[in-house]
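A short reminder: the numbers here are calculations on the coordinates, not readings from a lab. Keep in mind that this is a model prediction, so the values were computed, not measured. Because the Cβ atoms are built from the backbone with ideal geometry, glycine has one as well, and the counts that use them run over all protein chains shown.
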Amino acid sequence: MQPIPLSPKPEPTTIAAVDTSSIKLGETSKGIIIAVRGTTIWKRGKNYAYLRVGPFIFHITEDNLQEVYKTLLRAYFPEQNPQGAPGFIQIPVRMANLLERWLQASLAKTMRDGIILFDGSLTAGTPDTPVQQLKEILAAARDMGNTVLAFTKVTTLRFNGCLLTEAFPAYKPPCLIEVANIKPKPPLTLLGEVYVAKLARGNYAFRLDIDRELPAQERVEAVERLLGNDLIMQGYPETLRLAHILCTFTANEVIAMQHFIQHRYRLKIIDRPDMHKLLFGPFGKGESHHEAV
Amino acid sequence: MRLYRKEGNIIEILSFPNESVEKGDYLLIEDAEAQKALIAQVIDVQFANIPGILEELLRSLPDGGGIIQGEDVDPLEIAPHITYIQDSRLLICKIRATVEGEHLSPSTSWLPSRSQSSIKKLPIATLLKLAKVNGSLPITLGVTKENSLLTIDATSLDGKLNIITGKKETGKSHLSKLLITSLLQYKAVVVVLDLNGEYAGLGFTSDGKRNAYYNKIHVLTPAQNFKVALKQLHLNVILNILIHALHLPGTSAREFRRIWQFLKDKGCLTLHELGEAIRNWNCNQNVRDALFSRYHALVNSGFFTDNVAEANLLEECLLKAREEGGAIIINMRNTSPIDRQIVVEYVLGKLVELLTSWRLKAVFLFAEEAHLYLRETYWDDIVTRMRHFGIFTTFITNQPDTIRENIYRQADNIFLFNFTNEHDLEVVSRAARVDAETVKSIARDLPPHHCLVLGKVVRDFPIVVKVRALDVKTMGETRLFFSGVHTDGTSQTLSVAPYSVGENS
């Protein structure tokens, strides 16, 4: 495989990125309390700006799980057929995905001639990313002259037995390595061309999916415009890193949200016994969340 | 406020932004079930160690510079809660006492309930009432932060050793003047060893008129209106002067004793006769030289006279003050270091003499920068022996390390003004009546004219007070070069004529 060398193109281009995060705030006798938040961030010239929505706090119970999810799905993507709601365990992530797709769609429809960075791949056909939904987002982006670049931090794809991101240590950055002939198992569908992106020194490589409806030359040019307009630290675009940083919940915010629900809904926070610790003592790893509200 | 942690006699309390608590404030931690309450004083206010706070701060400065611009759509209004958590504070408090009903005890052996205790601010006025910091002879020092008056009892200064310390221009002399005038109201006898002539104006208002204390203030300036005739001196006093102030060796002192006795027996104790006696005395030449050099030092001081009419009797002033109270100001502004020591030796010797014979009941002695005139052995004397005679000393200094550690240990009251120097705070914190943390933490942040009062006067509840103003004439101001000089460079008193070419050419 031949690398595609890249040279940064400084022509002014808006770089935007979207990321969301979710967290479980606690458990009630009927279900769980979760919070989701999303961030859109963009860089014009030398300045970054952001729009952060949330946190949105939901009390999800067995009774309202279907209703909450489908109501939001209908509100965000009215054309989409509501499929089965996720299970209890997946619900925080699925709610965050829903918000992320909506933010991505909004950005794709409102921004012009820019580069939109997604966190993750352009693989569709999963329960949280229906093919039609992602196709519509990519189409809307193309209609506005935008290019979608999706960065995956950790991939399981392999090339010659090696992890894709570790397979080309000798290639000098900045470069792209096109990985052709990836055939996902149905119902999964790839809506992007898969590349390995080595954008900076230091042996940092990421899987990069670029909208496959765009001509090959335009795909490469989009990456070159990204190089010319954004900071690339450790091979990763700063805009996307900021999107992640700004939406992630800090411990301080979790305490604040617990404080909010405690005051607003008169809930009392109690420390539920940690069964792992209780049963196994120092050999118990402990549960990740054992607070009950 | 919530009780967080206790270690030793330090208690940590979590406080939220809507609760206004500052260093020096008192808190009452009430445990209703135990029917007891702890009184704790805030000695430091810190940010609470909130998890994730570092990440929170870091993400607001992503590119190592300006804050990232953005908009938050926060429909549930969580942001105020985040700020509330972020701004929560940890109050480091020192436990001072336990209240049971109306009684205060210094016991800190119990622990109030963490979950059930209620914590509230304890107004200083209430604390003072609880601690019974009042009495029949009130002295109002000033106002506390809560604008309530801090009134101490003059009896809490009686028989006590006090220290007033703080860095320059923080109000030490002002407080000592306040204490002196307050003591005068209660007919106390006060002696002030005034190094810079600052107390000479105590009998006048700021606009130069006589005030209520005018008749009680006696300013004695050595070699001017304060002279001593040799025949008024006791041998011990003159020997103390010669040995301690003028460093006369033992052998020579023995000869001097003989000469003095000889002259006294002859009834001719005058400076002239003393000089003649030394000249003609049959003794070793070296002893004679030693005695002569000291004799000349005595003569040159101008403090001694042969004219009894010219000699102002310190004793007279003190006995006059005994009836209605009075302050004898020993103004040593223009007195040389050696002469200062001579004068102080005389004054202290005289005081001891009057007190031991019960002609004086007790004296409040105010000593400014005492290390400049007090001999080494007097320090211990003052805090032990002289206290029993009835000399109750107040040391005033801006160099706390000039006062010995044992003085701090035995000090009953400390009036502490601002210090920023770590070393100075370290010295003061050796006082027995206060813990080092309180001194170091609170004194560092005291604004000018604010004083941390420690010790018996406040029943060991350290209280910050803004010392009240006093209408007395300010004396002994520092002479300044630029005072009275206009910004254009001309002086009010010296006019500089413009340079004229014609005059010089």
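Summary table below
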{"item": "Out-of-range pairs (alpha-carbon distance over 31 Å; input A:Lys46/A:Lys153; B:Lys36/B:Lys187; B:Lys23/B:Lys132)", "result": "B:Lys36/B:Lys187"}
{"item": "Globularity index of chain B, i.e. its alpha-carbon radius of gyration over 2.2 N^0.38 Å", "result": "1.27"}
{"item": "FRET efficiency estimate (nearest 0.05) - Cβ-Cβ, A:Lys277 to B:Ala469, R0 60 angstrom", "result": "0.40"}
{"item": "Set of region B:211-225 residues, backbone N closer than 19 Å to the point 7 Å along the Cα-Cβ line of B:Val299", "result": "B:223-224"}
{"item": "Cα-derived Rg over Rh, computed across region B:180-277 with Rh taken as Kirkwood radius", "result": "1.15"}
{"item": "Residue exposure sequence - A:Met95, A:Met111, A:Met275 - by fewest surrounding Cβ within 10 Å", "result": "A:Met275, A:Met111, A:Met95"}
{"item": "Cα gyration tensor shape for the protein assembly as shown, rounded if a/c is under 1.5, else prolate or oblate", "result": "prolate"}
{"item": "Spacing of the two label points (7 Å from each Cα toward its C-beta) at B:Tyr186 and B:Phe16, in nm", "result": "4.6"}
{"item": "Computed label-point distance, nm, for sites B:Arg409 and A:His259 using a 7 Å Cα→Cβ extension", "result": "4.8"}
{"item": "Cα gyration tensor category, rounded, prolate or oblate, for region B:408-468 with a/c compared to 1.5", "result": "oblate"}
{"item": "Alpha-carbon centroid distance for the pair region B:330-395 / region B:1-29, whole angstrom", "result": "45"}
{"item": "Exposure proxy order (Cβ contacts within 10 Å, fewest to most) of B:Leu122, A:Leu279", "result": "A:Leu279, B:Leu122"}
{"item": "Likely footprinting exposure, B:His218, A:His259, fewest C-beta neighbours within 10 Å first", "result": "A:His259, B:His218"}
{"item": "Shape category assigned to region B:230-301 from the gyration tensor of Cα positions, a/c cut at 1.5", "result": "rounded"}
{"item": "Average beta carbon contacts from partner chains per residue of A:46-55, 10 Å cutoff", "result": "5"}
{"item": "From the C-alpha gyration tensor of region A:3-249, square roots of 5λ in Å", "result": "31, 20, 18"}
{"item": "Only Lys, Arg (+1) and Asp, Glu (-1) charged, at Cβ; chain B dipole about Cα centre in debye", "result": "2300"}
{"item": "Per-residue average of Cβ from other chains inside 10 Å of B:71-80", "result": "6"}
{"item": "Antiparallel DSSP beta bridges within chain A, percent to nearest 5", "result": "85"}
{"item": "Within straight-line cross-link reach of B:Lys231, lysines at Cα separation under 20 Å, skipping those fewer than 8 residues along the same chain", "result": "B:Lys264, B:Lys266, B:Lys350"}
{"item": "Exercise: per-residue mean of other protein chain Cβ atoms within 10 Å, A:39-45", "result": "1"}
{"item": "Cα→Cβ-extended label distance, 7 Å offset, between B:Lys361 and B:Thr83, nm", "result": "6.2"}
{"item": "Amide H contacts of B:Lys6 (H built 1.01 Å from N, under 5 Å, at least 5 apart or other chain)", "result": "B:Glu12"}
{"item": "The protein assembly as shown: antiparallel DSSP beta bridges as a percent of all, rounded to 5", "result": "70"}
